[in-house]
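Here is the structure we will look at, set down as structure tokens.
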Amino acid sequence: MTSLVAGAVGVSHLDKSVTVSVDGKPSTVHAFGGTVGDVLAKQDITLKEHDVVVPAPDTKVSDGQKIVVRYGRKLTVTVDGATRDYWTTATTVDGALQELGIRADSAKLSASRSMSLGREGLALSVTTPKDVLVRVDGKNRSETTTGTTVGAALKELGVTMDADDRVAPGPARAVTKGMKISVLRVSATQARTTESIAAPVSQKNDSGLFKGQSKVLKAGSEGARVTTWRVTKVDGKVESRKKLSSVVTQKPVTRIVAVGTKSRPAATTSSRPSAGNTSGAGINLSNAAMWDRIAQCESTGNWSINTGNGYYGGLQFDISSWMANGGGDFASRPDLASRAEQITVANRYYAKAGLSPWGCAHAA
């Protein structure tokens, strides 16, 4: 009986109550002698190079002993593009930053500060605030951003863009302190322009007209072409115009001109009627009947005719001949002058050149 009691007392003396705290979580275990390392081994706690245990693993265990284990965690920190590895026993991101002395009070972190750190560690990016100058919508904005790239910074600053807008530097460029960022607003619209197409000219020989004379038989008309353009504007200013299509909306009509082929008769001064008084600006109705006959042939006797063929009035003056023979004394164009005034100018021309200027001289 005595030996049994002695044995029990011996066992009781060897049994020790030990508190093991792993990353701040305590538990009570019983140990029979041995060292701290022995206790941890029996609890399947394996220590690695960067783990911390207090007291040291070879320390003898005593009753009431407290063993503290803090696992090491690898923290890979990238601050504004520069990466460095750290080891920490902190169990949260915020605790690790404080333990390592990394100041990130106003910085942007890739993980929550309260996030737990497991033994597998964590890769953490830290972006510190940077002052940038943003040019957008015609205004300069001095801003502070924690965006890691130009695109992220613009999004953070509330700058919206569509697919056509341009950014310099590019959206993927890393933000640096003092960077100047430019946003160009690009718009593309369609515009249409209409241009005229000149009427082609066809000449037809006319033996009824003297050589050097011509007469419009058919006025013809211009055509029209509509062109569609893509107009690109950058910040409201036209940068480029690209032709998209060109369509003829109205075909031109050919202008037909009669060209004289008849040789002029030799002028005979003895048979030429008098042109009357051709000096001064007064009215001269000499040879009025002759001019009426010529007018009947030239313009069917219409003294105010203007067909657009370049010849005007009853005697079909062109502007240069009208003005060269004093037509400006009466009107800017022959068709705007009276019959008497047109005959007066015709007599002046007749005194110089006879009837050769008129294709209908034969009607005299």
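The values are calculated or read from the model by the stated rules, or taken from the named source; none is laboratory data. Remember, it's a predicted structure, so these values are computed and weren't measured experimentally. Every residue, glycine among them, receives a Cβ derived from its backbone with ideal geometry; neighbour counts consider all protein chains shown.
With modelled with pLDDT of 85 or more and exposed (fewer than 14 other Cβ atoms within 10 Å of the Cβ) as the only criterion, which of 41, 8, 56 stands out? Steps first, answer last, please.
Numbers: 41 fails: exposed (fewer than 14 other Cβ atoms within 10 Å of the Cβ); 8 fails: modelled with pLDDT of 85 or more.
Only one candidate passes the filter, namely 56.
Considering the range 18-28, the residues that are surrounded by 12 or more Cβ atoms within 10 Å (Cβ to Cβ) and modelled with pLDDT of 90 or more include one that is farthest from residue 88 (Cα to Cα), namely 18.
Only one entry of 126, 132 meets the criterion of being in a strand (DSSP E or B), touching a Ser or Thr at 6+ places or on another chain (Cβ under 8 Å) and within 30 Å of residue 22 (Cα to Cα), and that entry is 126. Among the residues of the range 332-364, just one is in contact with a strand residue (DSSP E or B) (Cβ under 8 Å, 6 or more places away or on another chain), more than 19 Å from residue 304 (Cβ to Cβ) and of a type in the set (A, V, I, L, M, F, W, C), namely 361. When you look at residue 302, is it modelled with pLDDT of 95 or more and part of a loop (DSSP other than H, G, I, E, B), yes or no? Taking the combined requirement at face value, the residue satisfies it.
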